Amino acid sequence: MNIVIWGCRGSITSPGPSTIRYGGESTCIEVRTGAGDVIIIDAGSGIRKLGRQLLKEQSVTKINLLLTHSHWDHLAGFPFFQPAYFSRYSFALCGGSDAQTSVLKYLMHQMDPPYFPVNFTELKARFESGCCCNNGLCEKSLQYADRSMRCESIPLNHPNGGVGFKFSDSSGSFVFLTDNEIRYSHPGGMPRDAYVGFCRNAGLLIHDAQFEESEYKKTRGWGHSTFQDALDLALDAGVQRLGLFHHDPDRTDDELDRLVDWCRNYVRQKGSSLECFACVEGMKLSV
Ligand SMILES: [Zn+2]
Ligand SMILES: [Zn+2]
């Protein structure tokens with residue numbers, strides 16, 4: 001499978017000279033199956049540019065849209081996602097518990113007047129509910145993907161809840177866990193061991209790493225992990241590659257460079273071959 005990162009900034013978009021290298025767009029990930037089917041995870045601001053790209057591909061009309069949760073940095077790009085305005089597109093929507101109604105509601109409510117000039121009901125695309133992604137195998141989540149791709153989900157440790165996803169095919173697995181606070185128990189979240197099991201031997205894990213240990217003294221309970229938490233999870237799970245994600249909006253490019261160096265040194269000291277990097281807007285990865 002091929003993966004493109006269209007947005008990796010956490011909490012709010014952060015354009016500007018100090019974030020230009022890692023990028024300021026908020027969460028949006030594109031996954032293409034081996035057969036070329038399209039899966040989009042989250043509709044943060046990064047989805048706007050992905051939409052422009054998809055319009056150029058006449059053959060793509062069916063899109064799986066999976067949402068981790070309803071916070072604005074994961075939703076606010078949707079009204080600017082141009083394929084939603086064309087009748088040739090169909091979307092299979094998936095998300096957390098009650099997804100049958102609530103994912104659609106998340107998307108609708110943010111376009112209610114007076115928040116946005118176009119109402120959701122004016123969109124021309126077709127929206128179908130997929131499954132409620134509770135804990136386990138999401139049988140119907142990838143309605144528009146061939147059966148060689150499997151999708152599993154796990155509840156996140158995050159305020160207001162959410163879900164993480166694992167995609168597996170014959171070449172390996174990709175786990176996406178953003179907005180997940182490993183060291184804290186939020187209602188509906190899972191114990192650390194469950195995340196270790198979920199990530200076991202993944203070829204690629206992209207995980208929330210918003211805070212440094214020194215910052216976490218203040219931010220504990222906010223729903224995000226530290227760099228060390230993400231590393232320890234990847235190491236314990238035997239992951240091959242770890243992408244650090246949900247960069248703090250105040251984190252400069254130079255600070256991220258320093259933190260990635262720190263992470264690589266940490267991995268070396270543990271004697272592991274884990275490959276660790278910070279996600280970059282526009283980055284292309286394959287599993
Ligand atoms: Zn977020
Ligand atoms: Zn969130």
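The values are calculated or read from the model by the stated rules, or taken from the named source; none is laboratory data. Keep in mind it's a predicted model, so treat the numbers as computed, not measured. Counting neighbours? That spans all protein chains shown, and the Cβs are built from the backbone with ideal geometry, glycine included.
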Kindly indicate whether any position in region 79-88 is crowded, with 16+ Cβ neighbours inside 10 Å, of a type outside the set (D, E, K, R) and farther than 27 Å from Pro114 by Cβ.
no
Here is a check on your reading of the model: is Gly282 surrounded by 17 or more Cβ atoms within 10 Å (Cβ to Cβ) and outside any helix (DSSP H, G or I)?
no
Given the criteria in a loop (DSSP other than H, G, I, E, B) and not aliphatic (A, V, I, L, M), does Gly243 qualify?
no
Which of (1) under 16 Å from the mean Cα position of the chain (by Cα); (2) basic (Lys, Arg); (3) farther than 18 Å from Pro155 by Cβ does Lys217 not meet, given it meets every other one?
(1)
Pairs please, first residue from region 172-185 and over 12 Å from Leu204 (Cβ atoms) and within 12 Å of ligand 1 (Cβ to nearest atom), second anywhere and among the basic types (Lys, Arg) and in a loop (DSSP other than H, G, I, E, B), Cβ atoms under 6 Å, 6+ apart in sequence or on different chains.
none
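Here is a yes/no grid of residues against (1) within 16 Å of ligand 1 (Cβ to nearest atom); (2) touching a helix residue (DSSP H, G or I) at 6+ places or on another chain (Cβ under 9 Å); (3) modelled with pLDDT of 95 or more:
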| site | (1), (2), (3) |
| --- | --- |
| Ala35 | no, no, no |
| Ile39 | no, no, yes |
| Asp42 | yes, yes, yes |
| Arg48 | no, yes, yes |
| Glu57 | no, no, yes |
| His71 | yes, no, no |
| Phe78 | yes, yes, yes |
| Phe81 | no, yes, yes |
| Tyr85 | no, yes, yes |
Kindly indicate whether any position in region 114-133 is crowded, with 23+ Cβ neighbours inside 10 Å, within 16 Å of ligand 1 (Cβ to nearest atom) and at pLDDT below 95.
no
Boolean, Asp169 is under 19 Å from the mean Cα position of the chain (by Cα) and of a type in the set (D, E, K, R)
yes
Take the residues of region 194-224 that are more than 22 Å from Val4 (Cα to Cα) and touching a helix residue (DSSP H, G or I) at 6+ places or on another chain (Cβ under 7 Å): which is surrounded by the fewest Cβ atoms within 10 Å (Cβ to Cβ)?
Glu213
Looking only at residues in region 157-166 that are more than 12 Å from the chain's Cα centre (by Cα) and buried (at least 24 other Cβ atoms within 10 Å of the Cβ), which one is farthest from ligand 1 (Cβ to nearest atom)?
Asn157
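This table checks each residue for (1) in contact with a Ser or Thr (Cβ under 9 Å, 6 or more places away or on another chain); (2) free of Cβ contacts under 8 Å to residues at least 60 places away in the same chain; (3) in a loop (DSSP other than H, G, I, E, B).
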{"site": "Gly189", "(1), (2), (3)": "no, yes, yes"}
{"site": "Glu215", "(1), (2), (3)": "yes, yes, no"}
{"site": "Ala230", "(1), (2), (3)": "no, yes, no"}
{"site": "Asp250", "(1), (2), (3)": "yes, no, yes"}
{"site": "Arg258", "(1), (2), (3)": "no, yes, no"}
